[in-house]
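Worksheet: one structure, shown below.
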Amino acid sequence: AFAPNTAPCNDNSQCTENDACANASCQPGKAKTCDDGNLCTTDLCEPQKGCLPVANTAPCDDNNLCSEGDACQGSKCAPGKPKVCDDGNPCTTELCDAAKGCVAISNSEACSDNNVCTEGDQCQGGMCKPGKGKVCDDSNVCTTDACLPSQGCMVQANSAPCDDGSVCTVGDSCK
């Protein structure tokens, strides 16, 4: 007579391990763990073939700080769109370094210090430095010329001494 045993056996599935006899038949063991260590594959197990990695489109990191929105493609991490580096400062040129990310480098471009009383402003050390002062002179002795940083050249009538060009008058003044 035959007696049931608990001997190792094979249930003919590539997806189980340590199959053993029980109740007079081969019983599946624990489920086989399929993990190839690749974030860009979903690891499945097929009873006839065993572990099968299937490419996925999961988010990933391509270890390049100059790309954003990296995602798996063809079982590998593919870079996303290029990172835009702009600190809003016209006196710096922004670059992207794969290891450091956005980097700002001072430039010497023309700029505006937002003062209309200066001309030829230029970037220095990452800041806009004012150029030479704007000359406001309408060549009229009867006006006082000045430059206001927010408005520019302003002309205001004055009462300065002047000469009307007539020899018949003395002590002429602006009106």
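The values are calculated or read from the model by the stated rules, or taken from the named source; none is laboratory data. Because the structure is predicted, anything quoted here is derived from the model rather than measured. Because the Cβ atoms are built from the backbone with ideal geometry, glycine has one as well, and the counts that use them run over all protein chains shown. Surface accessibility is based on the protein's heavy atoms, side chains included, excluding ligands, DNA and RNA. Shrake-Rupley method; radii C 1.70, N 1.55, O 1.52, S 1.80 Å.
Surface calculation, 1.4 Å probe, protein heavy atoms: Leu65 sits at approximately 80 Å² accessible.
For the chain, how big is Rg over Rh, using alpha carbon atoms and the Kirkwood form of Rh?
Working: Rg = 41.4 Å, Rh = 25.1 Å.
Here Rg/Rh amounts to 1.65.
Taking 0.36 nm per residue of separation and subtracting the Cα-Cα distance, what length does fully extending Val84 through Asp113 add? Could the numbers behind the result be given before it?
Numbers: separation 29, 0.36 × 29 = 10.44 nm, distance 2.53 nm.
Gain on extension, Val84 to Asp113, equals 7.9 nm.
Contact order, relative form, for the stretch 1-158: 11 percent (alpha carbon pairs under 8 Å, 6 or more residues apart, mean separation divided by residue count). Which value, in Å to one decimal place, does the Kirkwood hydrodynamic radius take for the stretch 97-175 when every pair of different Cα atoms is included? Final number for the Kirkwood radius of the stretch 97-175 is 16.3 Å. Extension gain, Lys134 to Asn23: 0.36 nm times the residue separation minus the Cα-Cα distance gives 29.7 nm. Across Cys96, Cys147, Cys26, mean-square fluctuation computed from a Gaussian network of the chain (C-alpha pairs under 10 Å connected) peaks at Cys26.
Quick check for you: which residues of the stretch 36-65 have the amide N under 12 Å from the point 7 Å beyond the Cα of Ile105 toward its beta carbon? The answer is none, because no backbone nitrogen lies closer than 12 Å to the label point. Compared with the direct C-alpha span, the chain from Cys45 to Lys32 gains 3.9 nm at full extension, assuming 0.36 nm per residue.
Expressed as a whole percent, the proportion of Cα-Cα pairs in the stretch 31-78 lying more than 17 Å apart is 40%.
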